[in-house]
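Please read the structure below before turning to the comments.
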Amino acid sequence: MTSAANSAARVGRRRWSAREIALGVVFCVPALAGLGTFVIFPLFQAVYLSTRGTDINGNPSRSVGGANFANLFTPEFGQVLLHTALFTAFVVVVGVVLPMALAVPLSQRLAGMRVFRTLFTLPFAYSASAASVVWLLMLDPSMSPVNWVLRLFGVTAPGWTTGSPWALLTVAWATVWVVSGFNLLVLGAGLAGVNDEVLEAARLDGATGWRNFFSVVLPMISPNVFFVVVTTTLTSLQALGQVQVMTDGGPNGSTTTLVFAIFHNAFENGHNDYGLASAQGLVLLVVGIVLAAIQFGVVERRVHYR
């Protein structure tokens, strides 16, 4: 015991050589450079710009204190936050439940399932802009197959991208279509890792159907579910291309989410109001931190890691 204690003490007293320290610093430089360039500097720049006014060219001018934040306390910005909340809730709920419902049958070892898995995950390879164009064509009044099917049942198709609240629902569905492919891969991998012996033991104990899924399968894939909930939340909060391509924030601002409002104030139509856009960006940062705290502080407690 004494020899082991002395060895541990010698390891604890070991000093790093200058070469080892320099080598460690060199390995850290690329990561620190990326963190500083793409995270820390933009954050401080956003804080600085949020307290400044901007001239016609968007250059910082005089200090305005908290005026840009005071300008956010308007009914219009409240509507933006409401649209963002509805959009995010729809994308997260449908974007997780739908892939899970598809992953269960697709995880069966049946002929042709690989083809179906490939087809269902194919939208994951699309960019947001490409997916938006696809759905614009699918819902175009002059050639829409969706409207054609509705007419067969005597249903008049709404203005998918020109009427409220259909426009926000359409953009949200296009986002679900994009994220479902990735979520299906993650959830399918979780289902593939479920131990067959555990499932068989559950069946012998009388756990079948929905009870088997919610009591046995779902807890076992809960890390995968938690992962897709977090990533889908981040994706929906940052959604911009879909809104820009499909509706450009219309009609009458009914699809203007927080990210699109930031883009609109900073870059669109020559606004160049970087101060207000930076203030909105900091609000988005706070929203993201709050949601992350809730997810990791509350939801993760129900995750069962194996």
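The values are calculated or read from the model by the stated rules, or taken from the named source; none is laboratory data. Quick caveat, the model's predicted, so the values are computed rather than measured. Every residue, glycine among them, receives a Cβ derived from its backbone with ideal geometry; neighbour counts consider all protein chains shown. Keep in mind that these areas ignore ligands, DNA and RNA; they rest on the heavy atoms of the full protein, side chains included. Shrake-Rupley method; radii C 1.70, N 1.55, O 1.52, S 1.80 Å.
Data table
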{"read-out": "Residue that is modelled with the highest pLDDT [pool: residues in the range 191-240 that are among the aromatic types (Phe, Trp, Tyr) and open to solvent by 40 Å² or more (accessible area, probe 1.4 Å)]", "value": "Phe227"}
{"read-out": "Selection count where residues are surrounded by 13 or more Cβ atoms within 10 Å (Cβ to Cβ) and either touching a strand residue (DSSP E or B) at 6+ places or on another chain (Cβ under 8 Å) or part of a helix (DSSP H, G or I) (or both), scope the range 98-114", "value": "8"}
{"read-out": "Residue count, the range 50-74 (criterion: under 26 Å from the mean Cα position of the chain (by Cα) and assigned to a helix (DSSP H, G or I))", "value": "1"}
{"read-out": "For Pro141: the one exception among (1) touching a Ser or Thr at 6+ places or on another chain (Cβ under 8 Å); (2) surrounded by fewer than 12 Cβ atoms within 10 Å (Cβ to Cβ)", "value": "(1)"}
{"read-out": "Any pair with Cβ under 8 angstrom, 6 or more apart, that starts in the range 99-114 at a residue that is under 12 Å from Leu185 (Cα atoms) and ends at one that is open to solvent by 50 Å² or more (accessible area, probe 1.4 Å)", "value": "Leu102/Phe120; Leu106/Phe116; Leu106/Arg117; Leu106/Phe120; Ser107/Ala192"}
{"read-out": "Every residue from the range 252-303 that is open to solvent by 30 Å² or more (accessible area, probe 1.4 Å), farther than 17 Å from Gly78 by Cα, in contact (Cβ under 8 Å) with a residue 60 or more places away in the chain and not in a helix (DSSP H, G or I)", "value": "Asn272, Asp273"}
{"read-out": "Any hit, the range 154-162, residues being out of contact with any Cys (no Cβ under 9 Å at 6 or more places or on another chain), under 15 Å from Val243 (Cα atoms) and open to solvent by 60 Å² or more (accessible area, probe 1.4 Å)", "value": "yes"}
{"read-out": "Answer residue from the range 241-251, given it is open to solvent by less than 30 Å² (accessible area, probe 1.4 Å) and touching a residue at least 40 places away in the same chain (Cβ under 8 Å) and is farthest from Leu169 (Cα to Cα) among those", "value": "Gly241"}
